[in-house]
Amino acid sequence: MSESKIVVLNSQPHQPCSPESSQEHVPTEAEGNQIHVEENEDLARIEAEQDVTPSEPNRGATPPELEHSVTETYSQGHAAFDLLQPSFEDIEDLDRYEIGGYHPALLGDTYDNGRYRVVHKLGHGGSSTVWLARDHTSRRYVALKILCAEAADGLNDIKILKYLEDKNCGHPGRQYIGSIHDQFSIEGPNGSHICLVSEVLGPSLKDLMSLGKQLRGKIARKIGRQFVQAVAYLHSEGVCHGDLTAANVAFGVHNFDSWSEDELYSHLGKPETETIRTASGKPVSDHAPSYVVQPLSFLKSDPTRLQDSIRLIDFGISFFVHDPPEFLGTPPSFVAPETWFEMAADKNTDLWALGCTLYTLRSGLTLVQLYWGGTPLEAVSEIASFLGPLPERWDRLYFDEEGMPQPRDKYHGSEAPPRWTDELDDKPTRNLHAVAAFIKDEYHGPARAEDNVEREKLPIELEIEAEGGRVTYPPETPKQNMSPDEIDSFADLLAKVLTWEPSERASAQDLSDHAWFERGFLDAMAAGDAPSLFQS
């Protein structure tokens, strides 16, 4: 996993608020301007509420029982500090330990006048590191997200979550979107950093995919409804998420606040650390930590702690309906097709991404799979394979040599620009029913397989010759199709949001009542020793 999106949302009971009508609320332009004013005032209060202006973290000694494993390093020099990239996987880019970048946090550090003590690492994102900390005031474990000094997406998180803080607590989707417990700022060698404190959450749906984990059918349907209700809540308050992907659906974890730090390490494992080295052999600069920490993984250490409840996370590029952005940073596999042609961003683009993520939730696969860099041409070609030809109005554009759509009247070639029909197949090679039927569950039933079980298990390990050597794949688990009834129902669900025409997509509110979430289908048998959420 190249980059983790880390959660700092709170599922604890919210402050009392008066349930409002579920009628959709769209912030006015005046409200939007007021939000920007309040945002600046809130950030000023972050510092004003502290005993001192941005505090410096207290460096606690690293617990002696922690094992520091110094392993092989690889030559990826840092531009300023000559840092070598460690051998650990899922570690932040050390080049970002610079002015304006990550804060060099260490185990044992305390923040906010000693209130929060770092005991483990939860992960990182492109603009933050996230730590498991003990709140000595509430006696709870919390997620402490330390933003890069120059990070802007954290400010948007604050703005959106502050706006939603007391909005319509009675909406069923409100519980799947949390709030920030606490916020403060610190001063470090790389600048002033905003810190956000919230609930500890587990892995994202993307994390599950990276480990080959597939949800049980009934769990996927339950969590799928929660996801749709969360989006319906946002839309009812005039907010678009803008980045509805598998990386931003995270699982809750069962409470472990009663554990001491020793008990925490006993259950979930001690932090693994690796000393940072420099190519020149010189000491590491104060701008970087002296060691890196491998993130805690609930999936690997104790998957039984995961709940069948999710949180919608990361509001870094969310926006209000009345104020759409000029550019969306959504990964290409989840981008609505009209975005490529019309540069539109609204609820309908959210709905397309919602449909793609529901497919991932049920299948463990990416619906729009891109292999050649994720150009618009590649994405649209893949979508056309199951939706058919594009709307005629988009024919005013053509795809250039880089696969980007361009206006025909800007074409300066000697020949007429190619039409999209020249680039795309005229007829789809499949449809949404075939897309749903492609989903396979793991087969853990009797040795004599039922008729719908595909004999995919290999008798021996398979070796495939690849560039630079041979790759060995272990025997695969046998697969079986979803039940015919579920295929029909899920295909109908997808068809309500995966449409060329944005105006034809069902609202998230309407989608939350779909029969696929309600009906009990015949699910595949899970492995006998499988955790309650997974097929194996």
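Just so you know, all these numbers are worked out from the coordinates, no wet-lab data involved. Computed from a predicted model, the values in this text were never measured in an experiment. Methodologically, a virtual Cβ is constructed for each residue, glycine included, from the backbone with ideal geometry; neighbour enumeration extends over all protein chains shown.
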Among LYS167/LYS347; LYS121/LYS159; LYS218/LYS479; LYS159/LYS222, which pairs are too far apart, with a Cα-Cα distance over 21 Å?
LYS121/LYS159; LYS159/LYS222
Sorted peptide list for 271-282, 171-182, criterion being average Cβ within 10 angstrom, highest first:
171-182, 271-282
Once phi is turned into ³J(HN,Hα) by the Karplus curve 6.51 cos²θ - 1.76 cosθ + 1.60 with θ = phi - 60°, what whole-Hz value does each residue of segment 436-443 show in order, with x for glycine and proline?
5, 5, 6, 5, 10, 9, 6, 9
Could you order peptides 437-445, 297-305 by the average number of other Cβ atoms within 10 Å of their residues, highest first?
437-445, 297-305
Approximate spin-label separation THR275-LYS218, in nm, with each point projected 7 Å along Cα-to-Cβ
5.3
Ranked by Cβ crowding within 10 angstrom, fewest neighbours first, how are TRP516, TRP500 ordered?
TRP500, TRP516
Ordered by residue, what ³J(HN,Hα) values in Hz, to whole numbers, does segment 371-376 give under the Karplus form 6.51 cos²θ - 1.76 cosθ + 1.60, where θ = phi - 60° and Gly and Pro are x?
10, 10, x, x, 6, x
Show me, for segment 253-266, the HN-Hα J-couplings you get by feeding each phi into the Karplus relation (A = 6.51, B = -1.76, C = 1.60, θ = phi - 60°), rounded to Hz, glycine and proline as x.
10, 5, 4, 9, 4, 6, 6, 6, 5, 5, 5, 4, 5, 5
Which of the GluC sites (Glu not before Pro) across segment 313-379 are loop residues per DSSP, with 10 or fewer other Cβ within 10 Å?
GLU326
Would you pull out the residues with amide H under 5 Å of GLN85's amide H, same chain only if 5 or more places away, H placed 1.01 Å from N?
TYR74, GLN76
Could you tell me how many cubic angstrom of Cα convex hull volume segment 105-218 has per residue?
143
Theoretical gain in end-to-end length, TYR371 to ASP485 [0.36 nm per residue, Cα-Cα removed]
37.8 nm
Which value, in nm² and rounded to one decimal, describes the direction-averaged projected area of the C-alpha convex hull of segment 151-253?
8.1
Here the net charge surrounding ALA149, from other residues whose Cβ is less than 10 Å away from its Cβ (Lys, Arg +1; Asp, Glu -1), is -3
Name the residues whose placed amide hydrogens come within less than 5 Å of the amide hydrogen of SER179, ignoring near sequence neighbours (fewer than 5 apart) on the same chain.
ASN10
